[in-house]
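The values are calculated or read from the model by the stated rules, or taken from the named source; none is laboratory data. Owing to the predicted nature of the structure, the values given are computational and were not obtained by experimental measurement. For neighbour counting, all protein chains shown are included, and Cβ atoms are generated from backbone atoms with ideal geometry for every residue, glycine included. Accessible surface areas use protein heavy atoms only, side chains included; no ligands, DNA or RNA. Shrake-Rupley method; radii C 1.70, N 1.55, O 1.52, S 1.80 Å.
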Amino acid sequence: MLARTSSCPNRSTRWQDELPRYQTLVSDYQFEFIQVPATPEGGSQRYNPKIVRQHAEPLQIPPGQQKFLSALPPLPDGWGRQVHPEGAVLFYHETLRIFTESNVIHHEKDILFCAIALIEQAIRTNGVTLDELTELVLNVDDQRRCHYYFVDHTHRLLFWVDAVCMRDLGTDLQGVSEYGHIRYWIETQYWLHCEYYPHNRILPKGVFQDLRGMLNYAKTDMMTTDSSSSPFAQDELVAILDLVNSLKDDEEIYDPYSVWVVARLMSFFSENQFVNFYGQSSARLNAETPLFGQQTWNRSTLFRVVNLFLLGSPSEHALRVQRIWVDGIIVQPRWKDFISRFTSELGRYTIFSTVMLAVNFSFLSVPGVVNKNSTTSTIQIIIYCSIVPTIASIAFSFALLNVYNDPGLVTAGRAAVAMRSLSQRRTGMPCLAITHSIPIASLIWSIVLFSTALAVQIFRPRELASATTLGVECFIFVAFAVMSIRTMRLFFKRGDEQGEEDEAHTYAEKHVRSIVGSQHDVVQQDSGRWCGSAV
């Protein structure tokens, strides 16, 4: 449904009529090649160019120069040159509907030889229909490998004349067993093709309706749940909707820039449907729901000891990572939100640790803390012990900020690769959780040690009345602290027991609907989605 229409009623017949003429052009030419089924991403080298431009002297512009055109050599008959919106040069054969990135000036016969062989094989293959909209994309590399795929615009998919394995084509998503599910991956590759080759095609009106519907759904889902699997964040969806609404959907569009915009957005949504098993009996409806069972990390005895020493913080950070890295998949908006929250926490830890460092050194100047003789007092030792974790908290916070402020790590794809690499090591993920928890645990230990030093200073032998008053006061605030810690732990773990009983409702939340004129609040359980509110 996405191509320039033709007056030819049967594409196979037309190709059969045109092939003899091009076979004559290469009849005396022999080219041994290996045909390699490819995808738009796998078969393209445009983002890894091998040509290195040479430095040249500045050009002199003559007086009155009004034409600024490149001196390009003429193309072989039937070929046209196109410039992609990103700037890459592409070549297109009008009659055979062939797209290629290979330079046809130097490799025309190689390309035609491969194309004719592939077309003949496609015509002889049972079940393959070459209609008037079918396109062929092929690129020949230096090793005489012909990377190719056919494009069926009627059904929005790619196909090959060889048996292909999805893993060889660049996807290793586990659990894929239905052709109906694979179709969404094929459709993703189709939209990538339209993105890579946006010329000579028309967008029908239905594509805009589908895209606008997906965007509206994703926007609503992001507003009403905190576990949406949308590939875009809330602010991004608003900007994209404005962009799409600015396109004219009351007529077919053949502008390559508009085609590129729509194709890129559609490829994101198609890929999102594929990785979440859209339309399957076990579709992922919640970004935090694992379809292959909750991943369990190897929590050795050593990890349990370190977790206890770091006050349980590694376990909490392990749960955070598990919520954003589900079945080896990371959703971009959720990863960005994780990075934003974590770096914000690290910034606060740095400030608090700096304050604690100043307080510790100030406490050392209190009379009686430091002995006048050469011996070191108990309070002095405790303060020194408090300074060490304070410095550790600052150092680790700066180190982690330096890592997570790397723009390249912001992308979910690179983060997923890094997570997969760590998970393949026996101690990879536990060490990541420990590393994330060191700043906050060190800061807490610093506060505990400082409080201990303060208590030793306060409860030195003194008058009974003063000691009793200070003891009662400390007991009251310690009791408040214990109560607050227990309450907050119960508050943040309120869904754990329910999740163990029924995993499908692990992430359900309670929401309050305020009804105008009503005297009662209705509390509803809605699987993590806001029930709505009237104010």
Q | Full-stretch length increase - Leu291, Ser344 - with 0.36 nm per residue and alpha-carbon distance subtracted | A | 16.0 nm
**Q.** Difference of contour (0.36 nm per residue) and Cα-Cα distance, Val456 to Val472
**A.** 4.2 nm
Q: On a C-alpha basis, how far is the centre of segment 204-235 from the centre of segment 312-382 in Å? Whole number, if you could?
A: 38
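I need the calculated FRET efficiency for the pair Ser362 and Val482, taking r as the beta carbon distance and R₀ as 35 Å, to the nearest 0.05.
Working: r = 28 Å, r/R0 = 0.80.
Approximately 0.80, to the nearest 0.05.
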Q | Label zone at Ala56, where the point sits 7 Å out along the Cα-to-Cβ direction: segment 82-97 residues whose backbone N lies under 16 Å | A | none
Q) So what are the ³J(HN,Hα) numbers for segment 328-333, from phi and the Karplus equation (6.51, -1.76, 1.60; θ = phi - 60°), rounded to whole Hz, Gly and Pro as x? A) x, 10, 10, 7, 3, x
Q. Taking θ as phi - 60°, what are the ³J(HN,Hα) couplings along segment 262-268 by the Karplus curve (6.51, -1.76, 1.60), each to the nearest whole Hz, with x for Gly and Pro?
A. 5, 5, 5, 5, 5, 5, 5
**Q.** Selection from Val207, Val140, Trp185, by position along the positive dipole direction of segment 110-215 (Cβ)
**A.** Val207
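Between Val417 and Lys109, what FRET efficiency comes out of the Förster formula 1/(1 + (r/R0)^6) with R0 = 56 Å and r the beta carbon distance, rounded to 0.05?
On the way: r = 40 Å, r/R0 = 0.72.
That gives a FRET efficiency of 0.90.
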Q) How much FRET efficiency would the formula 1/(1 + (r/R0)^6) give for Thr154 and Asp255, where r is the Cβ-Cβ distance and R0 is 22 Å, rounded to 0.05? A) 0.50
Q) How far is it, in nm, from the label point at Asp337 to the one at Arg323 when both lie 7 Å from their Cα along the line to the Cβ? A) 0.9
Q. Taking the Cα-to-Cβ direction at Ala163 and at Asp210 and moving 7 Å from each Cα, how far apart do the two end points lie in nm?
A. 3.0
Q: Hey, can you grab everything whose amide H is under 5 Å from the amide H of Ala283? Only 5+ residues off in sequence or another chain; H modelled, so Pro and N-termini drop out.
A: none
Q: Please list, in chain and number order, the residues 5+ apart from Ile202 or on another chain whose amide H is under 5 Å from its amide H, with Hs placed from the backbone.
A: Ala3, Arg4
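Tell me, in nm to one decimal, what length is gained between Arg145 and Gln424 on full extension, where the rule is 0.36 nm per residue of separation less the Cα-Cα distance? Let's see the in-between values first.
On the way: separation 279, 0.36 × 279 = 100.44 nm, distance 3.32 nm.
Between Arg145 and Gln424, full extension yields an extra 97.1 nm.
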Q: At 7 Å along the Cα-to-beta-carbon direction for both Gln280 and Ile182, put a label point, then send me their distance in nm to one decimal.
A: 1.3
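Over all directions, average the projected area of the Cα convex hull of segment 321-461 and note it in nm². Numbers along the way, then the final one.
Details: hull surface 42.4 nm².
Mean projected area for segment 321-461: 10.6 nm², to one decimal.
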**Q.** Cα shape, segment 272-348, gyration tensor, a/c 1.5 rule
**A.** oblate
Q) Of all the accessible heavy-atom surface of segment 299-354, with the other protein chains kept in place and a 1.4 Å probe, what percent is carbon and sulfur? A) 63
